[in-house]
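Quick notes on the structure that follows.
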Number of protein chains: 4
Amino acid sequence: MKEVGETRNVANEFHTRRVVAFSETDMAGVVHFAEFFRYMEDAEHELWRSVGWSVVQRQPDGTVLTWPRVHASCDYRSPARFEDVLDIYVSVARSGRRALRYAFRFQLDGRDIATGTIVAVCCVLENAQLRAIDIPEEVLARLAPYRTDLNGATQASEKTNGGKDQAG
Amino acid sequence: MKEVGETRNVANEFHTRRVVAFSETDMAGVVHFAEFFRYMEDAEHELWRSVGWSVVQRQPDGTVLTWPRVHASCDYRSPARFEDVLDIYVSVARSGRRALRYAFRFQLDGRDIATGTIVAVCCVLENAQLRAIDIPEEVLARLAPYRTDLNGATQASEKTNGGKDQAG
Amino acid sequence: MKEVGETRNVANEFHTRRVVAFSETDMAGVVHFAEFFRYMEDAEHELWRSVGWSVVQRQPDGTVLTWPRVHASCDYRSPARFEDVLDIYVSVARSGRRALRYAFRFQLDGRDIATGTIVAVCCVLENAQLRAIDIPEEVLARLAPYRTDLNGATQASEKTNGGKDQAG
Amino acid sequence: MKEVGETRNVANEFHTRRVVAFSETDMAGVVHFAEFFRYMEDAEHELWRSVGWSVVQRQPDGTVLTWPRVHASCDYRSPARFEDVLDIYVSVARSGRRALRYAFRFQLDGRDIATGTIVAVCCVLENAQLRAIDIPEEVLARLAPYRTDLNGATQASEKTNGGKDQAG
């Protein structure tokens with residue numbers, strides 16, 4: 001099982017809850033494994049809304065900023081069942097100049113039942129074409145409360161460490 | 001239980017098969033009721049492809065013809081289970097000048113297990129806006145093998161009976 | 001478009017809200033029509049929880065009471081989009097001795113965008129077999145706040161009108 | 001991007017095709033990333049059927065053998081769109097005594113567009129409880145045509161190398 005967040009500042013995780021829906025279960029009586037990826041995405045989008053932004057954000061110049069996924073993974077420890085109330089915790093870190101890496105933890109009654117990762121690339125949508133760009137500073141600033149790559153450094157000093165482009 | 005197809009020419013139904021997927025089942029061990037609507041839509045789209053068209057069809061003038069749904073219903077008689085092979089039969093009839101009404105039958109091992117209906121309106125997509133239009137004659141002609149509103153009449157005479165606009 | 005609720009006591013509708021998820025949209029940029037059936041079901045199950053019950057309820061005798069669907073339908077008036085906040089209203093009426101008929105209204109910014117119906121049959125699950133039964137009085141009493149078949153009559157007098165079995 | 005299959009015998013991959021459904025697309029006009037996990041699972045189950053088995057297999061002793069997932073991941077290179085015909089290739093390797101690791105490749109028009117992994121643990125379902133067991137020899141033998149952990153060795157000699165339990 002992959003360890004998530006050894007360097008994570010737990011206080012900085014975004015938290016949300018959801019109730020398992022009947023249609024999310026399968027004939028084994030538990031939540032189907034693919035549903036956890038929707039759970040992750042919905043939590044990510046709620047995090048965006050909580051900082052006054054959207055995962056599909058129109059810019060002042062009319063272009064749209066969006067985040068296609070280049071990687072998604074999930075490790076499953078225990079199942080979830082109909083009407084279980086899941087606690088979902090999200091943190092995020094810059095991955096190079098153009099991508100964000102989200103880390104997700106799923107808890108049920110205080111126990112970890114799954115962990116997951118999504119890597120998404122910052123793109124501008126113009127004329128139905130996607131073009132990868134460096135993550136705007138405004139976006140990084142808005143996400144600061146949930147970032148695990150700041151390590152107590154100020155955002156200004158963090159900027160000087162940029163330039164690695166691991167994804168996208 | 002609604003009766004489907006008293007006036008239907010059975011020979012004219014489009015037929016397709018699909019195997020029930022694991023993710024389509026729910027904790028009751030059967031296919032979740034909402035999945036039947038995807039089954040209907042997928043069969044409808046396969047019918048379109050079989051007549052050399054698409055439910056999202058680019059026209060020579062650059063516009064796109066598409067079919068938003070205004071009604072969908074399903075009546076369930078018996079459940080379907082993982083790895084069941086479903087036979088799906090589709091027929092279609094004009095509903096006024098601008099809409100099509102699809103009738104679906106689901107069979108498992110020769111028994112009817114469900115019937116359904118979808119009503120969709122003929123629309124042109126221009127500048128991200130939908131505008132309802134009369135169904136083009138070319139479309140009606142392509143669908144002729146699966147239409148139940150022709151009643152042995154020639155297509156030409158059927159055209160003079162048009163003008164009722166029940167939907168859209 | 002089917003009219004919902006001419007005899008409905010509006011004050012008695014169950015109300016819930018949900019935010020449209022990204023994965024619920026399709027390439028037309030709007031919520032896929034089949035998702036409305038999940039929305040209906042989730043609202044129905046939330047209604048059950050609000051009256052201290054569950055749509056899959058273990059009985060004191062160890063059997064499980066559950067509600068397979070025999071009919072579902074939806075009429076669509078206007079689309080919903082990503083991050084729209086939908087208001088969903090639910091009422092319920094007895095349909096014969098063994099079934100419930102739910103009526104759903106979807107609103108966006110105060111406008112009706114869709115209406116739907118689900119008919120579900122009261123069943124006991126024993127040894128992996130479903131057996132239809134008359135709806136227990138306790139269940140009807142719990143649902144009373146959201147029922148549209150009481151018409152100001154007391155529940156006792158309503159009971160004497162029972163016996164019609166339209167579904168199941 | 002993770003490299004798949006350096007040691008893989010390409011001739012041994014299971015191959016299937018599927019047409020992208022409308023409901024699998026999202027408002028970005030492409031297949032939603034979570035759908036790839038259903039595509040993987042459906043291909044896995046088709047592989048099982050092709051060797052005369054099922055992912056949910058009743059044993060002669062009445063117990064059921066099944067394979068809960070402990071890990072799933074996907075790397076995305078290019079999008080897929082409505083009515084694209086995807087080629088899906090699957091191979092499998094033993095991961096310890098109790099788990100299987102599946103590798104998936106998605107191609108569109110001969111180009112790789114995504115790769116994925118699922119790790120599933122061999123379990124017996126008894127009295128609604130799952131219990132992990134060593135993978136039966138019959139199962140390993142049936143999967144032999146698609147296994148990448150045999151390395152030209154005979155199946156018999158491979159058996160003597162067992163005993164590592166990396167998952168489950």
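The values are calculated or read from the model by the stated rules, or taken from the named source; none is laboratory data. Quick caveat: nothing in here was measured; it's all calculated off a predicted structure. So basically every Cβ, Gly included, is an ideal-geometry build from the backbone, and we count neighbours across all protein chains shown. The accessibility values were calculated without ligands, DNA or RNA, using every heavy atom of the protein model including side chains. Shrake-Rupley method; radii C 1.70, N 1.55, O 1.52, S 1.80 Å.
Tell me yes or no: at least one residue of segment C:149-162 is modelled with pLDDT of 95 or more and part of a loop (DSSP other than H, G, I, E, B).
First, the residues of segment C:149-162 that are modelled with pLDDT of 95 or more: none.
No; the residues of segment C:149-162 include none that is modelled with pLDDT of 95 or more and part of a loop (DSSP other than H, G, I, E, B).
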Query raised in the report: Given the structure, is B:His45 more than 15 Å from the chain's Cα centre (by Cα) and either within 19 Å of C:Asp75 (Cβ to Cβ) or free of Cβ contacts under 8 Å to residues at least 60 places away in the same chain (or both)?
Result: no
Query raised in the report: Within segment D:122-144, is even one residue free of Cβ contacts under 8 Å to residues at least 60 places away in the same chain, in a helix (DSSP H, G or I), open to solvent by less than 10 Å² (accessible area, probe 1.4 Å) and within 14 Å of chain A (Cβ to nearest Cβ)?
Result: no
Report summary line: Flagged in segment B:97-106 as open to solvent by 10 Å² or more (accessible area, probe 1.4 Å) and either on the phi > 0 side of the Ramachandran plot or within 16 Å of the chain's Cα centre (by Cα) (or both), in numbering order, are B:Arg98, B:Arg101, B:Ala103, B:Arg105
